[in-house]
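Working notes, structure below.
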Amino acid sequence: MSVKLRNTIAMLVLALLFLGASAAGVAANQPVFTLTVLHNNDGESRLINAGSGVLADFGGVARFATVVDDLRAEALQGGPKRGVILLSSGDNFLAGPQFSASLENGVPFYDTVAMDKIGYDAVAIGNHEFDFGPDVLADFITGFDGRLPFVSANLDVSNEPNLQYLADQNIIVKSQIVTERRVRIGIVGATTPLLPAISSPRNVVVDPDVAGAIQAEIDRLTNSKVSIIIVISHLQSVQQDLALAPLLRGVDIMIAGGGDEVLANPGDLLVPGDSISLPYPVMVTGGDGAQIPVVTTAGDYKYVGRLVVEFDIRGRVVGVNPISGPVRVAGGAYPDAVEPDPEIQALVVEPVQTYVADLAANILASSEVALEGRQGTNPAPPGTPTPGIRRTETNLGNLMADSMFWQASQLAASFGVNPPDVALQNGGGIRNNSLIPAGPISELNTFEIAAFANFVSIVEDVPPAQFKELLENAASFYPNPNGRFAQISGFSYVIDPAGTAQVVDNNGNVLTPGSRVWEVRLDNGTYIVQNGTVVPGAPAINVATIDFLARGGDQYPYRGAPFTTLGVTYQQALRNYIETGLGGLITAVDYPEGGEGRITTLP
């Protein structure tokens, strides 16, 4: 069939759909088709529930499935000119104990099984999908029984054979057309340009011109007479989508991912502890003057977003039904509680619960002190910043850096490299986001803290000027929390908050030199930096770190410096250190609350 004939048929189908409205004299701006878009983002392998305590009665992928089914049925009530689709805006799995169950079980992953049975129409590709590298992402995708499209207009996977195979099968695509009640709906995806800096995409190329990549797909779809265009993106914040919308033409709906913001309206039922950050939806003007509803949800399967949009005979948005908003996923005795989907509960939730329970039962050590792993609020409050692993020294951060230093020291000789002088651990790699109370420390705790597939590595002979650049990167967002903030071992340093923040690109090139690192002193008394200047004759530094940072992750400016990976993950290093290095006891003397002054600031 020729393209011209397909376009003609498409126009005839659309005309037939709206024929009744036209015959009745419906004006061009009157609603004739209602589309319910169900959506979520950042599920991040929270398959059992949304957390401990009160959060145990919320989320859970089996309860999420029940809510989706209920909303689908409700969406189709009221007449034939109604459609419903389900979309994800990325970060569908995440390193941690629940995803470790999938890695141990093999393909299909538990996350894949759950999403497959829920029945998505299209999925955006987020940054966490690449945390274990492109091959694990390929395993995640190939586990689906059907041909679920994964969409991103600005990713080039041609240099990754396993992903390119999926692209050749039209499973990884720039966009996808979904048909509901004979209306063609185009779904265009996008992925954050920060991907190389915050994950491990290897040879996947990311086009930084997000607007240009999306617009090219929009134009292609509209030229093919697609009636409705939806953009699903994972750009790390709904604010990025709000800034993107005015650059686009022909968009009807935008669904953001990566920011975990709660968009809701007064009266919406929220999960305890959540609060409204923006209304649902946020209306923003596109580049063509159209009003675009922009939405997102908090992650962890806590909500199903429900956007009910009315379209006129031309396929343009004419209204958003006030029923739109986040629908809480609740269990327990709450009035909106639902029963979990029995099949997903049996195939996914129960085996993952068993795996996690076994980890929790394996006690490795005891701690005399609570361990601070919370990320810290953003923006930073006035005055002294509240504790946070992503912006201040904490005792858990010190423990993690010490475990890397210890493990690298134990293994260096067997790998033919020099032992480390220092260790650097990015705060973003410490994932528990909680205050671990004093008491027993389990294997589960170590997986929650050190969740990624990061390997302990040594970068030898880092020049002192470059070592200062590494620390300038670590301090560049201070006092606001950022994953690049370093927890350290083997030295201490002083931050000047009034100094210039370093700016680097994804290749580690310093675009704006930083001046926040005021002093650096090794534990042996050697000064590397004094009064903001590298000390003449300061030695080169052997740095223990994780391979993610050594490769330039979080924009650390190693710039391709050679490094040696020691065959031990940072989770294994933490376990080995607290069991063997510390003899199973984390003391208040060694790891006092608030840290011990490794990182300080000028007044």
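The values are calculated or read from the model by the stated rules, or taken from the named source; none is laboratory data. These numbers were taken from a predicted model, which means no experiment stands behind them. Note that each Cβ is placed from the backbone with ideal geometry, even for glycine, and that neighbours are counted across all protein chains shown.
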Worksheet item: Counting only residues that are surrounded by fewer than 17 Cβ atoms within 10 Å (Cβ to Cβ) and either within 24 Å of THR34 (Cβ to Cβ) or without any contact (Cβ under 8 Å) to a residue 12 or more places away in the chain (or both), how many does the range 183-216 have?
Response: 1
Worksheet item: Of the residues that sit in the range 224-243 and are β-branched (Val, Ile, Thr) and not in a loop (DSSP other than H, G, I, E, B), which one is nearest to VAL262 (Cα to Cα)?
Response: VAL238
Fill in: Total residues in the range 192-223, condition modelled with pLDDT under 95, aliphatic (A, V, I, L, M) and part of a helix (DSSP H, G or I)
3
Practice prompt. Answer yes or no as to whether LEU566 is assigned by TED's automatic domain parsing to the domain that holds ASN426 and farther than 19 Å from ILE389 by Cβ.
Written response: yes
Discussion item. Residues that are within 18 Å of VAL309 (Cα to Cα), modelled with pLDDT of 95 or more, of a type outside the set (D, E, K, R) and not in a loop (DSSP other than H, G, I, E, B): does the range 256-268 have at least one?
Written reply: yes
Worksheet entry | Top-ranked residue in the range 574-585 [being under 31 Å from the mean Cα position of the chain (by Cα) and among the aliphatic types (A, V, I, L, M); ranked as nearest to PRO440 (Cα to Cα)] | ILE578
Worksheet item: What is the residue count in the range 321-339 for residues that are closer than 15 Å to ASP252 by Cβ and in contact with a Phe, Trp or Tyr (Cβ under 9 Å, 6 or more places away or on another chain)?
Response: 1
Worksheet item: Can you tell me which residues in the range 274-286 are surrounded by 13 or more Cβ atoms within 10 Å (Cβ to Cβ) and in a loop (DSSP other than H, G, I, E, B)?
Response: ASP274, ILE276, SER277, PRO279, TYR280, PRO281, GLY286
Discussion item. Looking at (1) in contact with a Leu (Cβ under 7 Å, 6 or more places away or on another chain); (2) in a strand (DSSP E or B); (3) of a type in the set (D, E, K, R), which one does ARG184 not meet, given that it meets all the others?
Written reply: (1)
Discussion item. For the range 140-177, which positions are closer than 17 Å to MET254 by Cα and surrounded by 19 or more Cβ atoms within 10 Å (Cβ to Cβ)?
Written reply: PHE150, VAL151, SER152, ALA153, ASN154, LYS174, SER175, GLN176
Fill in: Matching residues in the range 497-513 - criterion: being in contact with a strand residue (DSSP E or B) (Cβ under 8 Å, 6 or more places away or on another chain) and closer than 24 Å to PHE548 by Cβ
ALA501, GLN502, VAL503, VAL504, ASP505, VAL510, LEU511, THR512
Item to complete: State yes or no: is VAL61 in contact (Cβ under 8 Å) with a residue 12 or more places away in the chain, touching a helix residue (DSSP H, G or I) at 6+ places or on another chain (Cβ under 7 Å), β-branched (Val, Ile, Thr) and buried (at least 23 other Cβ atoms within 10 Å of the Cβ)?
Response: yes
Worksheet item: Given ASP312, ASP358, which one is of a type in the set (Asp, Glu) and under 30 Å from VAL226 (Cβ atoms)?
Response: ASP312
Discussion item. Give all pairs with beta carbons closer than 7 Å in which a residue from the range 151-162 that is of a type in the set (S, T, N, Q) meets a residue that is surrounded by 23 or more Cβ atoms within 10 Å (Cβ to Cβ) and in a loop (DSSP other than H, G, I, E, B); count only pairs at least 6 apart in sequence or on separate chains.
Written reply: SER152/ILE125
Practice prompt. Report those strands (runs of 3 or more DSSP E) wholly inside the range 317-430 carrying at least 1 residues which are within 16 Å of GLU448 (Cα to Cα) and not hydroxyl-bearing (Ser, Thr, Tyr).
Written response: 363-367, 422-426
Worksheet item: Looking at the range 351-369, which of its residues are of a type outside the set (S, T, N, Q), crowded, with 16+ Cβ neighbours inside 10 Å and over 27 Å from the mean Cα position of the chain (by Cα)?
Response: LEU364, ALA365, VAL369
Worksheet item: Restricting the search to the range 401-421, which residues are crowded, with 23+ Cβ neighbours inside 10 Å, out of contact with any helix residue (DSSP H, G or I) (no Cβ under 6 Å at 6 or more places or on another chain), under 21 Å from LYS468 (Cα atoms) and of a type outside the set (Asp, Glu)?
Response: ALA401, PHE405
Worksheet entry | Candidates PRO440, PRO479, filtered to the one that is assigned to a strand (DSSP E or B), more than 30 Å from VAL417 (Cβ to Cβ) and in contact (Cβ under 8 Å) with a residue 40 or more places away in the chain | PRO440
Practice prompt. Would you be able to tell me the number of residues in the range 444-479 that are at pLDDT below 95 and among the charged types (D, E, K, R)?
Written response: 1
Fill in: Any hit, the range 433-445, residues being surrounded by fewer than 23 Cβ atoms within 10 Å (Cβ to Cβ) and acidic (Asp, Glu)
yes
Worksheet item: Do you know which residues across the range 294-308 are out of contact with any helix residue (DSSP H, G or I) (no Cβ under 9 Å at 6 or more places or on another chain), under 9 Å from LEU263 (Cβ atoms) and either in a strand (DSSP E or B) or among the aliphatic types (A, V, I, L, M) (or both)?
Response: ALA298, GLY305
Worksheet item: Out of ALA138, ALA167, which single residue is among the small types (Gly, Ala, Ser) and within 20 Å of the chain's Cα centre (by Cα)?
Response: ALA138
Worksheet entry | Condition check for GLN236: closer than 17 Å to VAL284 by Cα and either touching a helix residue (DSSP H, G or I) at 6+ places or on another chain (Cβ under 9 Å) or basic (Lys, Arg) (or both) | no
Discussion item. Just to be sure before I move on: is ASP131 surrounded by fewer than 18 Cβ atoms within 10 Å (Cβ to Cβ), touching a residue at least 24 places away in the same chain (Cβ under 8 Å) and assigned by TED's automatic domain parsing to the domain that holds ARG202 in the structure I sent?
Written reply: no
Discussion item. Given the criterion under 17 Å from ARG484 (Cβ atoms), surrounded by fewer than 15 Cβ atoms within 10 Å (Cβ to Cβ), in contact (Cβ under 8 Å) with a residue 12 or more places away in the chain and assigned by TED's automatic domain parsing to the domain that holds SER457, identify the matching residue among ARG559, ARG551, ARG516.
Written reply: ARG559
